[in-house]
Amino acid sequence: MYRLTKSLPRAIGRPITQAPGRRASHSQSSPSNAQTNSRTTHFGFQTVPEESKESLVKNVFNSVASSYDIMNDAMSLGIHRLWKDDYVSQLKPGSKGPMRCIDVAGGTGDIALRILDFSRENYADRETSVDVVDINGEMLREGFKRFKKTMYHNTPQIAFHEGNAQELPETQFSSNTYDLYTIAFGIRNCTSIPDVLKEAYRVLKPGGTFACLEFSKVNNPLLSAVYDQYSFSVIPLLGTILAADRASYQYLVESIRRFPSQPDFAKMIQDAGFVTGGMHEGKGGAWRDLWGGIACIHTGVKV
């Protein structure tokens with residue numbers, strides 16, 4: 001039995017390391033770091049120093065962790081559950097035998113639970129395993145509580161790890177290890193998407209699949225207008241009512257608008273070394289839109 005962190009409950013899995021994403025260049029000052037420290041990125045619609053985004057995002061998810069699933073239900077009218085079901089069923093975990101999976105930014109455990117349930121219910125697979133990785137301890141705590149109510153608790157099929165998607169430590173997440181890498185509604189919150197994709201490519205086995213479920217760009221002008229009105233008017237209000245936290249949900253809405261378009265993100269996946277479908281949506285394409293592009297599933301294969 002191992003501790004997730006000093007403050008988290010006990011869980012099956014390898015010992016957890018503190019999130020390794022706090023590079024020395026972010027905490028030390030020297031002439032050689034001047035250029036690095038001057039780089040900026042976006043936090044919602046704000047421009048912030050690159051080294052500040054990780055802590056800002058962490059504060060958001062510390063704030064919303066306990067109400068995250070409730071708010072997702074409220075924001076999407078429960079549709080996010082259907083999207084996640086669709087996402088996992090498209091990947092068919094267990095169909096080719098037991099798999100070793102890593103679910104990144106998956107602290108609440110909902111994707112991991114779907115993977116294990118799908119494998120068991122459809123293929124009688126009780127050997128597929130999922131390593132859940134999240135930079136946020138509060139989110140991991142919620143996932144751990146969820147799994148305590150399941151048959152997978154205290155089994156080798158599930159483990160929780162606090163870690164940074166941009167710098168998964170080689171000693172804990174070895175290269176060429178996993179059959180499936182999933183990240184759902186999390187990659188847009190990372191400071192460097194190319195670094196996340198690079199690490200995903202590293203830890204997957206040749207032939208392994210990268211799969212990302214993320215909010216995306218709506219192409220239909222009418223639907224886009226309705227969606228924008230709902231997003232910027234209703235969602236922050238729901239954050240105030242249900243979570244007493246308007247600012248965090250305002251950020252979540254803004255972060256969606258700053259995420260690359262479907263073709264741009266598909267190109268980033270290809271640039272990381274993955275083979276994708278054609279640069280279009282649908283059958284044989286690099287991505288598949290859900291609900292007109294409100295959400296989107298991107299996949300790539302390591303060669």
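At a glance:
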{"item": "Sole residue being assigned to a helix (DSSP H, G or I) and exposed (fewer than 15 other Cβ atoms within 10 Å of the Cβ), chosen from 206, 194", "result": "194"}
{"item": "Tabulated pairs, the stretch 191-208, first at pLDDT 95 or above, second surrounded by 19 or more Cβ atoms within 10 Å (Cβ to Cβ) and in a helix (DSSP H, G or I), C-beta under 7 angstrom, 6+ apart or interchain", "result": "193/187; 196/187; 197/269"}
{"item": "Check on residue 266, among the hydrophobic types (A, V, I, L, M, F, W, C), free of Cβ contacts under 8 Å to residues at least 40 places away in the same chain, part of a helix (DSSP H, G or I) and in contact with a Phe, Trp or Tyr (Cβ under 8 Å, 6 or more places away or on another chain)", "result": "yes"}
{"item": "Leading residue by the ranking (surrounded by the fewest Cβ atoms within 10 Å (Cβ to Cβ)) among those in the stretch 129-164 that are among the aromatic types (Phe, Trp, Tyr) and in contact with a helix residue (DSSP H, G or I) (Cβ under 8 Å, 6 or more places away or on another chain)", "result": "152"}
{"item": "Only one of 159, 184, 225 that is modelled with pLDDT of 95 or more and over 22 Å from residue 88 (Cα atoms)", "result": "225"}
{"item": "Members of the stretch 232-259 found to be within 30 Å of residue 274 (Cβ to Cβ) and either part of a helix (DSSP H, G or I) or touching a Pro at 6+ places or on another chain (Cβ under 6 Å) (or both), listed by number", "result": "251, 252, 253, 254, 255, 256, 257, 258"}
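The values are calculated or read from the model by the stated rules, or taken from the named source; none is laboratory data. Remember, it's a predicted structure, so these values are computed and weren't measured experimentally. Cβ coordinates were reconstructed from backbone atoms using ideal geometry, including for glycine residues, and neighbour counts include every protein chain displayed.
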